[in-house]
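One structure is given below, encoded as structure tokens.
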Ligand SMILES: [Zn+2]
């Protein structure tokens with residue numbers, strides 16, 4: 001029997017506010033343990049929460065960017081459970097009336113090469129069930145002798161983005177998460193750092209006979225804190241469930257954890273132990289009512305999203321979808337490209353340099369494009385020097401290497417190293433004469449009709465002029481000379 005997996009993702013994203021969701025404590029990562037705390041986030045008796053307006057604004061922007069309908073009224077609810085790093089004994093979340101619902105995103109899915117290019121690209125549409133706001137719990141750290149609790153993260157604002165069970169492969173889930181992260185970074189509401197826990201992902205996975213409408217029994221996998229873990233854990237779990245079913249067994253509804261070192265998922269808790277959170281509306285907070293004018297203002301403030309920008313790059317600059325996808329992979333890359341294209345007047349060449357030599361140089365320097373020491377204006381200046389014929393494409397590579405080393409402007413490097421292209425007919429002509437005179441055998445071949453030997457002569461002249469001769473002029477002079485010889 002052929003099976004197909006059904007996957008849904010629950011993604012928690014930490015909002016980039018300076019203060020927590022219900023108090024004024026700092027959200028700074030890495031502060032001394034328990035220093036970012038106050039009576040509200042320590043849940044001392046009598047302390048009352050007050051909603052952070054900036055966090056709501058960011059959550060609304062995320063909902064808009066993910067195509068959700070923003071609710072004018074949403075309700076905070078208590079999600080009750082005991083955990084040592086949760087002093088309140090509940091999280092303040094949203095349950096029946098979330099901030100946003102019924103979203104949809106268009107995602108390019110397919111295998112990725114080392115350079116991030118998508119192979120066998122397909123455009124897919126995935127549904128988003130809901131986006132709600134909640135406060136985070138603290139962090140427990142266990143060493144060999146004791147456990148420690150750090151409440152700095154307690155009360156940090158999160159949004160939870162729940163997808164529809166729309167993914168049919170680990171690749172689709174992976175591509176959706178890439179899209180989600182990219183979108184949140186574009187709108188500047190989350191830093192997307194999975195290692196520091198500001199983006200976390202749980203997955204629901206089930207398997208069913210292909211063609212069946214009915215869902216199989218689902219298993220939840222927790223703690224997928226990297227893109228690689230997500231894909232590996234899903235592949236493992238899909239395989240495991242198919243194995244169980246094909247042996248005539250039944251999949252048990254449970255929560256499993258991914259263990260990267262053994263490359264397996266294992267049982268964390270079964271359905272019998274599953275939480276009943278006993279949600280009820282938070283009595284300390286009134287319903288969250290948003291002024292429609294404010295929602296409109298926030299909608300207006302959402303910048304051009306990666307998908308729209310990608311389409312515009314294809315339209316405006318004549319780029320392929322593959323190139324436009326790469327150049328819009330981060331907002332900084334897109335902005336670098338647009339500036340370079342504008343200043344040089346050559347979008348095609350700008351794209352090639354950014355995706356090729358610049359990407360390679362950044363990789364070697366261990367830098368992101370945000371910290372690129374070569375400004376888009378400097379790269380544009382280099383491109384203009386090629387386009388004006390001042391240097392050849394080959395010499396440009398040398399100039400670029402020097403730029404990455406000394407951070408000088410291209411004009412200064414060309415001057416200092418004497419790299420300007422020679423377009424002086426007399427001096428190129430002299431070299432041409434010399435080369436032709438020195439190679440009688442090849443001249444005879446050329447004259448007998450083997451014109452492809454011209455390439456040999458061009459190569460010799462370029463070698464002699466250290467690549468600085470204007471190639472077009474070399475070609476013309478050689479052809480003339482050989483015809484006359
Ligand atoms: Zn606090």
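Computed from the coordinates by the stated procedures, all read-outs in this text should not be read as laboratory data. These figures come from a predicted structure and were not determined experimentally. Here the Cβ positions follow ideal geometry from the backbone for every residue, glycine too, while neighbour counts run over all protein chains shown.
Quick notes on this one:
- The length gained on full extension between residue 18 and residue 144, counted as 0.36 nm times the residue separation minus their Cα-Cα distance, comes to 42.0 nm.
- Taking every alpha-carbon pair under 8 Å whose residues sit at least 6 apart, the stretch 425-484 reaches a relative contact order of 43 percent.
- Prolate/oblate/rounded label for the stretch 318-376 (Cα gyration tensor, a/c 1.5): prolate
- Taken along the Cα-to-beta-carbon direction at a fixed 7 Å, the label points for residue 420 and residue 244 span 7.5 nm.
- Taking 159, 395, 141, 354 and counting other C-beta atoms within 10 Å, the order from fewest to most: 141, 395, 354, 159
- Divided by 2.2 N^0.38 Å, where N counts the residues, the Cα radius of gyration of the stretch 211-361 comes to 1.63.
- Extension gain for residue 164 to residue 483 (0.36 nm times residue separation, less C-alpha to C-alpha distance): 107.7 nm.
- Computed over the chain: relative contact order in percent, which uses C-alpha pairs under 8 Å that are six or more apart: 14
- Pairwise FRET efficiency - residue 113 versus residue 368, Cβ, R0 = 25 Å, nearest 0.05: 0.80
- The Rg/Rh ratio for the stretch 8-150, using Cα coordinates for both the radius of gyration and the Kirkwood hydrodynamic radius, is 1.05.
- Mean shadow area of the stretch 1-66, taken as a quarter of the surface of its Cα convex hull (nm²): 8.1
- Cα shape, the stretch 144-230, gyration tensor, a/c 1.5 rule: oblate
- Each eigenvalue of the Cα gyration tensor of the stretch 425-484, multiplied by 5 and square-rooted, gives one semi-axis; in descending order these are 18, 11, 10 Å.
- Under the Debye formula (equal points on every Cα, no solvent term), log10 I(q)/I(0) of the stretch 304-417 at q = 0.15, 0.19 Å⁻¹: -0.61, -0.95
- Modelled spin labels at residue 277 and residue 235, positioned 7 Å past Cα toward Cβ, are 3.2 nm from each other.
- Extension gain from residue 352 to residue 122, taking 0.36 nm per residue of separation minus the Cα-Cα distance: 80.5 nm
- Two-site label geometry, residue 301 and residue 466: point separation in nm, points 7 Å out along Cα→Cβ: 5.7
- The stretch 296-414: relative contact order as a whole-number percent, Cα under 8 Å and 6+ apart: 18
- Cβ crowding within 10 Å ranks 427, 384, 125, 349 as 125, 427, 384, 349, fewest other Cβ atoms first.
- Between the helical axis of 170-186 and the longest alpha-carbon principal axis of the chain there is an angle of about 80 degrees.
- Volume per residue for the stretch 3-296 equals 158 cubic angstrom (convex hull of Cα atoms).
- Nearest-ten-degree value, helix 331-344 long axis tilted from longest Cα axis of the chain: 30
- The sum of -39500 (n - 2.57) across all DSSP H runs of n ≥ 4, divided by the residue count of the chain, sets its helix-only mean residue ellipticity at 222 nm to -12000 deg cm²/dmol.
- Counting DSSP beta bridges with both ends in the chain, the antiparallel % (nearest 5): 90
- Exposure proxy ranking for 321, 428, based on other Cβ atoms within 10 angstrom of each Cβ and starting from the fewest, stands as 321, 428.
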